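The values are calculated or read from the model by the stated rules, or taken from the named source; none is laboratory data. These figures come from a predicted structure and were not determined experimentally. Because the Cβ atoms are built from the backbone with ideal geometry, glycine has one as well, and the counts that use them run over all protein chains shown. Surface areas here come from the heavy atoms of the whole protein model, side chains and all, with no ligands, DNA or RNA. Shrake-Rupley method; radii C 1.70, N 1.55, O 1.52, S 1.80 Å.
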Amino acid sequence: MSQDIYEAFQSVEMRIGRVQSAELNPKAKVPSFKMVIDFGEFGVRNCSGQYPALYSPEAIIGKQVVCVMNLGSRRIAGFESQVLMLGAPDAQGNAVFLSTEQDVPLGSKVF
């Protein structure tokens, strides 16, 4: 891996948070949750995510998730999303959120 690629990867700040609340965003064109995620000493941030196809709000609340912290805010369907919650598509294209195999301290840096 070249030094430039490594430095670019290091510039992406990924941290672990815990979903405190999740509710459907009725204004979203694609079904989405409005979520509040706790990152410990890094604070609480809002996030919009297209996860309702596989999860109910109750199923996602309390889960640890992987988020990118330093992409800036973006207004999505009237909701300010401050972090990007990472996920991957399943075989049908539905979003599956990335999580930790075990609980780790909130705000832990992903490397």
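Rounded to whole Hz and in sequence order, give me ³J(HN,Hα) for the stretch 42-48 from the Karplus expression 6.51 cos²θ - 1.76 cosθ + 1.60, θ = phi - 60°, writing x for Gly and Pro.
For the stretch 42-48, the Karplus curve yields 8, x, 10, 10, 8, 8, 9 Hz.
Compare VAL66, VAL44, VAL12 in a GNM of the chain, Cα atoms joined below 10 Å, and give the one with the largest fluctuation.
VAL12
Using a Gaussian network model on the chain with a 10 Å cutoff between Cα atoms, which of LEU86, LEU54, LEU24 fluctuates the most?
LEU54
Heavy-atom accessible area of SER32 with all protein chains present, probe 1.4 Å, nearest 10 Å²?
Surface accessible to solvent at SER32 totals approximately 10 Å².
Please give the per residue accessible area of the chain, computed with a probe of 1.4 Å over protein heavy atoms only, in Å².
It amounts to 61 Å² per residue over the chain.
Compute, for the chain, the length of the dipole vector about the Cα centre, with Cβ point charges of +1 (Lys, Arg) and -1 (Asp, Glu) only. Units Debye, rounded to 20. List each step's numbers first, then the result.
Working: 10 positive and 11 negative charges, 88 e Å.
So the magnitude is around 420 debye.
Only loop residues by DSSP count here, and only those with at most 13 other Cβ atoms within 10 Å; note down the trypsin sites (Lys or Arg not before Pro) in the stretch 1-104 that meet that.
Within the stretch 1-104, the qualifying trypsin sites (Lys or Arg not before Pro) (loop, at most 13 other Cβ atoms within 10 Å) are LYS27, LYS29.
Using a 1.4 angstrom probe on heavy atoms only, work out the carbon and sulfur share of the accessible area of the chain in %.
54 percent
What number, in percent, do you get for the relative contact order of the stretch 70-111 if the mean sequence gap of Cα pairs under 8 Å and at least 6 apart is divided by its residue count?
Details: 29 pairs, mean separation 9.3, N = 42.
For the stretch 70-111, the relative contact order is 22 percent.
For the chain, what does the helix formula give at 222 nm: sum of -39500 (n - 2.57) over DSSP H segments with n ≥ 4, over the residue count, nearest 500 deg cm²/dmol? Intermediate values should be presented prior to the final figure.
Details: 2 runs with 12 residues, N = 111.
The helix-only estimate for the chain comes to -2500 deg cm²/dmol at 222 nm.
Of VAL30, VAL96, which has the most accessible area with a 1.4 Å probe, and how do the rest follow in descending order?
The ordering from most to least exposed comes out as VAL30, VAL96.
Hey, if you put +1 on the Cβ of every Lys and Arg and -1 on every Asp and Glu Cβ in the chain, which of VAL65, GLN82, PRO105 ends up farthest toward the positive end of that dipole?
Value: GLN82.
Find the relative contact order for the chain and round it to a whole percent, using C-alpha pairs within less than 8 Å whose residues are 6+ positions apart.
30 percent
Filter the GluC sites (Glu not before Pro) in the stretch 38-111 down to the DSSP loop ones having no more than 13 other Cβ atoms within 10 Å, then list what survives.
Taking the stretch 38-111 and a limit of 13 other Cβ atoms within 10 Å, the loop GluC sites (Glu not before Pro) found are GLU101.
Using a Gaussian network for the chain with springs between C-alpha atoms less than 10 Å apart, which of these wobbles most: GLN92, GLN64, GLN82?
Top of the fluctuation ranking is GLN92.
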